[in-house]
Amino acid sequence: MQGFIPPIYTAESVTAGHPDKVCDQISDAILDACLEQDPFSRVAVEVMGSHGLLVVVGEVTTKAQVDYKSVAREVYREIGYEDELEVLFRVAQQSPDIAQGVDTGGAGDQGIMYGFATDETPEFLPQGVVLAHKLAQELERKRKSREIPWLCPDGKTQVTIQGENVKTVLLSCQHKDGIGQEEIRKTLIDSVVAPVVGRDSLTAEVLTNPTGMFVQGGFQADSGLTGRKIMVDTYGGILPHGGGCFSGKDATKVDRSAAYMCRFAAKNLVVNGYAKQCLVSVAYAIGRAEPLMVAAANERGEDLSGLVREKFDFKPSAIIERLGLRKPIFRQTAAYGHFGRPNLPWEELISF
């Protein structure tokens, strides 16, 4: 398909146990805990983890009473890690210089946000993005069900698409010590790749644990940081992404809310027949409600900007109201992508 998607591309995903994604999930769990008690919480929390240490930093202005350290440890255990974490906490209130602009309905920061949709898949996402996430989710499902008892939480996937064909599949999975690579490869192909990609696609090159071993994982092997997997969160590196990440930010931060609104607009332009592929972009100035720019185009290069401005209100307060973004719904987004997921408000289909 011509348009925004190149004829050959690669998309990746990671499991919930990847150290960066652990940090994203803790950040969003803290956000949800605040919103559950105080829907008007202002939250900007980032997490860094490495070798037994977890550091929570940022700005929170809320009436909620939250034990942030307990939230962090609970998420860590739920993901599947059992080692103890030392948790350091350095969080202040939102800067009054920023708050004075947000309080009047302005954007919480400057920036550029993008949203994309394609009719290529039922998820309205490129095929490679969908498959990469499904492979990562299948690794987690087989681990938690113990269908593959030697799987551990950390893992990564990658899919290369050429035309309409799967060219390469790559799986890297953390595993218990003493498991041979031949067993790992056969099990992953039979139990993960074949059910997700389909046996007809197994003519593609399949790579498994290319280094030959992946016993150490999570914070024991690598540091993690909130917001370091923004292409996994969005469109797999195929489409542009603005400067900001999503996780740990309440909806006054347009890095998150406006990107959701761009996706909402792009998807519904496709659904309503204005595009087969659609890219929407918006830009803001801090403290100002009206966007500096709203632009949209389809795969034929036709300008849909006027239609988007007519049908969708991109003021931050309007986005929050339209998509219901004061609810504690965000932790579920912090692994396996923020788009193409059922029951999220920015994935709703509308007619116009």
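Readers should treat all values here as calculations from the given coordinates under stated rules, not as data from a laboratory. Just so it is clear, the model here is predicted, and its values are computed rather than measured. We place every Cβ from the backbone using ideal geometry, glycine too, and count neighbours over all the protein chains shown.
Which is farthest toward the positive dipole end of the chain among Val87, His51, Phe339, measuring Cα position about the Cα centre, with Cβ charges +1 (Lys, Arg) and -1 (Asp, Glu)?
Phe339
Along the charge dipole of region 255-352, pointing to its positive end and built from +1/-1 on Cβ of Lys, Arg, Asp and Glu, which listed residue (Ala283, Ala297, Gly273) has its Cα farthest out?
Farthest along the dipole direction, towards plus: Ala283.
Loop only per DSSP, at most 16 neighbouring Cβ atoms within 10 Å: give me the GluC sites (Glu not before Pro) in region 258-352, ordered by residue number.
Details: sites: Glu299, Glu302, Glu310, Glu321, Glu347, Glu348; in loops: Glu299, Glu302, Glu348.
Passing both the DSSP loop test and the Cβ count: Glu302, Glu348.
Give the label of the value calculated from the structure for semi-axes √(5λ) of the Cα gyration tensor in Å, choosing from [x] 33, 29, 14; [y] 37, 30, 19; [z] 35, 21, 19.
From the options [x] 33, 29, 14; [y] 37, 30, 19; [z] 35, 21, 19, the structure gives [x].
Over region 121-219, with a single point scatterer placed on each C-alpha, what log10 of the ratio I(q)/I(0) does the Debye formula yield at q = 0.13, 0.18, 0.20, 0.22 1/Å?
-0.42, -0.80, -0.97, -1.15
Can you grab the distance from the C-alpha centre of region 291-313 to the C-alpha centre of region 27-77, Å, no decimals?
36 Å
Charges on Cβ only, +1 for Lys and Arg, -1 for Asp and Glu, centred on the Cα centroid of region 135-204; of Thr168, Leu188, Gly178, which one is farthest towards the dipole's positive end?
Highest projection toward the positive end goes to Gly178.
Quick one: putting +1 on the C-beta of Lys and Arg, -1 on the C-beta of Asp and Glu, what dipole do you get for region 163-223 around its Cα centre, in Debye to the nearest 20?
Working: 5 positive and 8 negative charges, 6 e Å.
I would put it at about 40 debye.
Suppose we keep just the DSSP beta bridges with both residues in the chain; what percent of those would be antiparallel, to 5? Display every interim value, and only then the final one.
Details: 43 of 55 bridges.
Of those bridges, close to 80 percent are antiparallel.
For the chain, what is the calculated [θ] at 222 nm in deg cm²/dmol (nearest 500), taking -39500 (n - 2.57) for each run of four or more DSSP H residues and dividing by its residue count? Let's see the in-between values first.
Working: 10 runs with 105 residues, N = 352.
Result for the chain: -9000 deg cm²/dmol, rounded to the nearest 500.
Where Rh is the Kirkwood radius over the Cα pairs of region 19-152, the temperature 20 °C and the viscosity 1.002 mPa s, what D in µm²/s does Stokes-Einstein return?
Details: Rh = 17.6 Å.
Translational D for this selection: 122 µm²/s.
Within the set Lys229/Lys327; Lys229/Lys276; Lys167/Lys249, which residue pairs have Cα atoms separated by over 30 Å? List each step's numbers first, then the result.
Values: Lys229/Lys327 24 Å; Lys229/Lys276 27 Å; Lys167/Lys249 37 Å.
Where the Cα-Cα span goes over 30 Å, the pairs concerned are Lys167/Lys249.
Given a cut-off of under 8 Å on Cα pairs at least six residues apart, what relative contact order in percent is computed for region 197-308? Walk me through the intermediate numbers first.
On the way: 94 pairs, mean separation 13.5, N = 112.
After rounding, I find 12 percent.
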